[in-house]
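All remarks here apply to the structure that follows.
Every read-out reported here was derived from the displayed coordinates using simple, explicitly stated rules and does not represent laboratory data. Please read these numbers as outputs of a predicted model, since none were measured by experiment. Cβ atoms come from the backbone with ideal geometry, glycine included; neighbour counts cover every protein chain shown.
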Ligand SMILES: [Zn+2]
């Protein structure tokens, strides 16, 4: 998963003499069958070589070569999109595999080009998962079905800590004030860490896990400002693997996101009837996509719709008529919806995939809020 601290380090690079090549490329196997992205990457590299001034081109030619080799040499397991940052001069190579589509572009600047990846981080919910027992806390961040363990707080790390107690101590009368102070200190440490992660990793909500007897206690001990961010709790052993944590937290996160998406769809439906700033149904969505008016696209996750795409200008349609823009004969595709999603992102819109039974399913399975 993309580590925001690492992105922040990249963002703090001060422009000097080195050039950075940043590439974003949609590599979704659905919309890029048989490695269509290979053609696109070659075109992007060619464009770069033709448009850069001589000196800059000389500076980055090794980077362009590295990127070309990267896509040419081996078959790779791709997610939806990939971001590569290369600067031979600064001795830097980073690759990020993203589970969301992004606008394909190649940018050469004196710093890495990070806006698109930061947008993705903003648009897809990041959640903090805190697995806590009385004397230990493990902290995870999860986003788009991925999870990373970021840190751990153990009470033996706290100076002068007594052998017993931990998280629970404050509520247990048998401990004296002196012990309370240390246990309080431990909780403060965990709080501090949680708060700093919420902030640094842009995680907006918290899921709490742990042994059954700990969960209620941990939640109760949290300061209200953190407690109101808790969206659910699950039981888990402290030694659970990240995959187990992800599975348990995902159930809670899915339910939370489903409720949020229901509200979003209600808003969309209201907009369609109130002020025409929304559309529902694939025909209207395609029209608005071609007019580049999509602000937020909402799609039923199971929605599949065959359609047609123009080989010249990539215009979409659900009927096999010649392209309405250039008159070319269109080709059939079974991934019309994926192309719409990709185009929405290309024009700076965001995409919300809505899983399961939802109001969107009855309302046309696809819809969009419009820019104007
Ligand atoms: Zn066309």
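Can you put 321, 53 in order, fewest other beta carbons within 10 Å first?
Placing the least packed residue first, the sequence is 53, 321.
Can you compute the FRET efficiency between residue 196 and residue 353 using 1/(1 + (r/R0)^6), with r the Cβ-Cβ distance and R0 = 25 Å? Round to the nearest 0.05.
Efficiency, rounded to the nearest 0.05: 0.25.
Under 20 Å from a point placed 7 Å out from the Cα of residue 220 along the Cα-to-Cβ direction: which residues of segment 116-139 have their backbone N that close?
130-137
Compute the relative contact order of segment 1-124 as a whole-number percentage, counting only Cα pairs closer than 8 Å that sit 6 or more residues apart in sequence.
Averaging sequence separation for qualifying contacts and normalising by length gives 41 percent for segment 1-124.
If the elastic network links every pair of Cα atoms under 10 Å, which of 122, 69, 59 fluctuates the most in the Gaussian network model of the chain?
The residue that fluctuates most here is 69.
With the chain treated as a Gaussian network of Cα nodes joined by springs under 10 Å, which of 146, 362, 244 yields the largest mean-square fluctuation?
Judging by the Gaussian network model, the answer is 362.
Using 1/(1 + (r/R0)^6) with R0 = 45 angstrom and r between the beta carbons of residue 228 and residue 292, what's the FRET efficiency to the nearest 0.05?
Working from the Cβ atoms, E equals 0.70.
Just rank 239, 325, 197, 339, fewest to most, by other beta-carbon atoms within 10 angstrom. Don't skip to the answer; put the middle values down first.
On the way: 239 8, 325 12, 197 22, 339 19.
Fewest-to-most ranking of 239, 325, 197, 339: 239, 325, 339, 197.
For the chain, what class follows from the C-alpha gyration tensor (a ≥ b ≥ c being the square roots of its eigenvalues): rounded when a/c is under 1.5, otherwise prolate if a/b is larger than b/c, else oblate?
Oblate shape, in that a/c is at least 1.5 and b/c is the bigger or equal ratio.
Below 8 Å between Cα atoms, with a sequence gap of 6+, how large is the relative contact order for the chain in percent?
Rounded, it is 14 percent for the chain.
Kindly state, to the nearest 0.05, the FRET efficiency for residue 12 paired with residue 276, given R0 = 35 Å and r defined as their beta-carbon distance.
According to the calculation, E is roughly 0.20.
Provide 97, 19 in ascending order of the number of other Cβ atoms located within 10 Å of each residue's Cβ, fewest first.
Numbers: 97 16, 19 23.
By the 10 Å Cβ count, ascending, the order reads 97, 19.
Cα gyration tensor of segment 275-370, axes a ≥ b ≥ c as square roots of the eigenvalues: rounded (a/c below 1.5), prolate (a/b > b/c) or oblate?
The shape class here is prolate.
Over segment 4-122, one equal point on each Cα, no solvent: what is log10 I(q)/I(0) by the Debye formula at q = 0.15, 0.18 Å⁻¹?
-0.65, -0.94
For the chain, take the longest principal axis of its alpha carbons; what is the angle in degrees between that and the long axis of helix 242-274, to the nearest 10 within 0 to 90?
Relative to the chain, helix 242-274 is tipped by roughly 60 degrees.
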